[in-house]
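Inspection log for the structure reproduced underneath, given as structure tokens.
The values are calculated or read from the model by the stated rules, or taken from the named source; none is laboratory data. Remember, predicted model here, so these are calculated numbers, not experimental data. Cβ placement follows ideal geometry from the backbone for every residue including glycine, while neighbour counts extend to all protein chains displayed.
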Amino acid sequence: MTETPRDDKPKPARRPRIKLPFDNRREDVGSWTYDHRIGLCVTLIAYLALMIVFVSSKIVVGRRTHQQGMYIDLQTLAEMEQERDRLEREERERQRQEEIDWRSIRNQASNENALNEKLRDDRGTNAAALNEAAAEAEARMRANREAYEQGLAEERAIRERRGKEDGAERQDRKVKGRVTVSFSITDPVRTSRYLEVPAYLCEGGGDVTVSVTVDRAGKVTGARVTEGGDDCMRESALRAARNSLFNIDDSAPARQTGTITYIFIPQ
């Protein structure tokens, strides 16, 4: 078998590639996408995976929605409930005490021993004193009622008499002016129930002050002229003062003094 002789002769060096002007031109989008298809696919898959994770976890990316709420202090609520319970207990206790008071006043003919025992046990009150006070209050109310009715009857009689007298006087004389009346009764202060204004039947004018004595029923029990005026004005003022009536006051003195002033103003 013969061997082929080796060619030890060196090969000539390769000539360098000539650079052309269009070698550095830009690639189009399609060529770039195709060349980087693997990286693009990996990136797309990664983004899809992240999106799936966000959606499945219900993670909301962005501004938080505004929520409305109400803050309740539990301690304050408990205090309000305690205050409500306390007020309800006080109201029930007050109603119960009022019921006991009315029963103790109205049941005057009941068993005094049983009533005394009940009041001493529950409230420490003496029933005998309570019954006595109730009887006194009833007597005062009855007296005031009788005095009031008597005052009304006297007032009606005075009005009727005054109407008759005024009618007779006006037939004889002609009114020539007017009269104003003021009064002062203090300690305690009394108010007028009927204050008679005399007709102006006198010549001239002036002030007449009448000192009056008033009882608890409001009736004028005494009257006298202290100053001012002539005989005609004094007589008219004195008659009007005696016919006047004031309010009924059980706390007033039995004989309370004051003054009534009549101002006669001529026309």
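Quick one: Q108 ticks every box in (1) in a loop (DSSP other than H, G, I, E, B); (2) over 21 Å from M233 (Cβ atoms); (3) modelled with pLDDT of 75 or more bar one, so which box is it?
Every condition holds for Q108 apart from (3).
Just to be sure I understand, how many residues within region 239-256 are aliphatic (A, V, I, L, M), in contact with a strand residue (DSSP E or B) (Cβ under 8 Å, 6 or more places away or on another chain) and surrounded by fewer than 19 Cβ atoms within 10 Å (Cβ to Cβ)?
0
Given the conditions (1) closer than 26 Å to E146 by Cα; (2) touching a Phe, Trp or Tyr at 6+ places or on another chain (Cβ under 8 Å), which single one is not true for D215?
It fails just one condition, (2).
Need the failing condition index for G222 against (1) modelled with pLDDT of 90 or more; (2) buried (at least 17 other Cβ atoms within 10 Å of the Cβ); (3) assigned to a strand (DSSP E or B); (4) not aliphatic (A, V, I, L, M), just the number.
(2)
Looking at (1) within 51 Å of the chain's Cα centre (by Cα); (2) over 11 Å from I260 (Cα atoms); (3) touching a residue at least 12 places away in the same chain (Cβ under 8 Å), which one does V189 not meet, given that it meets all the others?
Among (1) within 51 Å of the chain's Cα centre (by Cα); (2) over 11 Å from I260 (Cα atoms); (3) touching a residue at least 12 places away in the same chain (Cβ under 8 Å), V189 violates only (3).
Which count do you get for residues in region 216-233 that are among the charged types (D, E, K, R) and touching a Lys or Arg at 6+ places or on another chain (Cβ under 7 Å)? Spell out how you get there, then give the answer.
So in region 216-233, the residues among the charged types (D, E, K, R) come out as 216, 219, 224, 227, 230-231.
Among the residues that remain, those that are also touching a Lys or Arg at 6+ places or on another chain (Cβ under 7 Å) are: none.
So the count comes out to 0.
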